[in-house]
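Inspection log for the structure reproduced underneath, given as structure tokens.
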Amino acid sequence: MEDLKKRKLEEAANGECPSKEELRVLIEPLPKAQLIDLLTKLGSQYPSIAQEIKSIASVDPVHRKLFVRGLAWNTTSETLRVAFQEHGEIEEGAVIHDKNTGKSRGYGFITYKYMESTQQALRAPSKLIDGRLAVCNLACEGLSGSSSAPDLAQRKLYIGSLSPEVTSEMLLNYFSRHGEIEEGSVAYDKDTNESRGFGFVTYKTSEAAKKAIDDQEKTLGGRNIMVKYADSHKSKTSQASFSPGVVPMAALPMASGYVQPGKTHIGTTLPDGYTYPQTIASYSSYQSPTTVPSPYAVQGHGPYPTSFTKKDQLGIPNQPMAMNNYPYYYPKQ
């Protein structure tokens with residue numbers, strides 16, 4: 001093996017370098033990991049090779065473009081670029097605004113000139129910009145980025161009952177005692193930029209999130225705050241607020257004349273304390289009762305007389321009318 005290396009070095013010294021085709025034949029069978037190690041070694045030894053690697057890696061902007069989410073509503077494109085320029089030269093950077101209102105949509109993009117700057121920024125994906133902890137990821141990964149991790153439900157917390165004076169920075173400082181935070185912010189109103197009284201904190205580990213939930217001391221800004229998993233809060237708010245065992249009235253068929261909530265019924269009054277919805281036992285469809293035979297014999301009717309007495313203007317006879325030999329009197333008006 002040593003003899004082969006010496007021969008190759010001698011050939012290189014004599015100007016007898018192998019052709020591209022010969023090198024390709026030698027390189028193609030090599031595994032990817034071995035090629036990476038080889039190029040890394042050569043790039044660290046020869047600056048010209050290192051520059052060539054940088055140029056090739058930075059040709060496609062997909063490897064240089066970052067998606068930045070969680071921006072404050074007052075963050076501008078200029079402040080966004082200033083926050084990320086520490087990692088290298090920025091080719092393009094902008095906050096995305098709504099076309100109709102002109103207001104920020106809370107995210108933006110940063111495109112570096114070189115791929116190495118992008119990789120350096122990704123090593124510290126969280127940045128505090130204008131009081132909000134913004135998070136970046138490669139734009140090609142989509143809008144969710146690292147938030148699409150399968151264990152996100154065990155790392156993301158909902159923080160409720162916040163005082164209006166609590167800022168995102170205060171929130172992050174308070175919860176950082178349990179572990180490293182990946183993302184977090186107080187929720188602000190888009191129009192007024194005022195706190196909505198709640199926020200979110202995403203830890204890098206599920207263990208840190210559990211510590212924050214189990215912590216008995218939950219006081220921030222002079223208030224007792226609520227701390228729970230964001231996923232459980234979302235599922236509760238999306239469900240209808242019915243007690244266990246209670247079925248909404250609209251889910252059951254109504255019999256004719258049944259009082260329904262939200263409708264006006266003439267001549268119908270509800271007992272005091274009656275509320276909707278009510279628990280209703282299941283019932284089968286209505287069936288007409290079977291005809292029960294009469295215990296008495298049916299009497300036949302004789303023929304009615306063909307002559308009638310003269311009626312008054314109201315159509316009521318003035319004289320009694322005989323019916324089957326029995327007198328029948330109309331009630332007096």
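Since every read-out is calculated from the coordinates, none of them should be taken as a lab result. Keep in mind the model is a prediction, meaning the values are calculated, not measured. Ideal geometry is used to build each Cβ from the backbone, glycine not excepted, and the neighbour counts take in all protein chains shown.
What is the set of long-range amide H partners of Leu66 at a cut-off below 5 Å, with H atoms built 1.01 Å from backbone N?
Ile110, Thr111, Tyr112, Ala139
Read phi for every residue in the range 18-34 and hand back ³J(HN,Hα) as whole Hz from Karplus 6.51 cos²θ - 1.76 cosθ + 1.60, θ = phi - 60°, with x for Gly and Pro.
x, 6, 4, 5, 5, 5, 4, 4, 6, 7, 3, x, 6, x, 4, 4, 6
Please report the relative contact order for the range 149-229, taking Cα pairs under 8 Å with a sequence separation of at least 6, and give it as a percent rounded to a whole number.
On the way: 151 pairs, mean separation 35.3, N = 81.
This gives 44 percent for the range 149-229.
Out of residues 5 or more away from Glu183 or on other chains, whose amide H comes under 5 Å of its own, with H placed 1.01 Å from N in the peptide plane?
For Glu183, whose amide H was placed from the backbone, the distant partners under 5 Å are Thr202.
Placing +1 at every Lys and Arg Cβ and -1 at every Asp and Glu Cβ, with all other atoms neutral, what dipole size does the range 170-227 have around its Cα centre, in debye to the nearest 20?
That gives a dipole near 120 debye.
With bins 10 Å wide starting at 0, give me the P(r) of the range 58-108 over every alpha carbon pair, in whole percents.
23, 51, 22, 3
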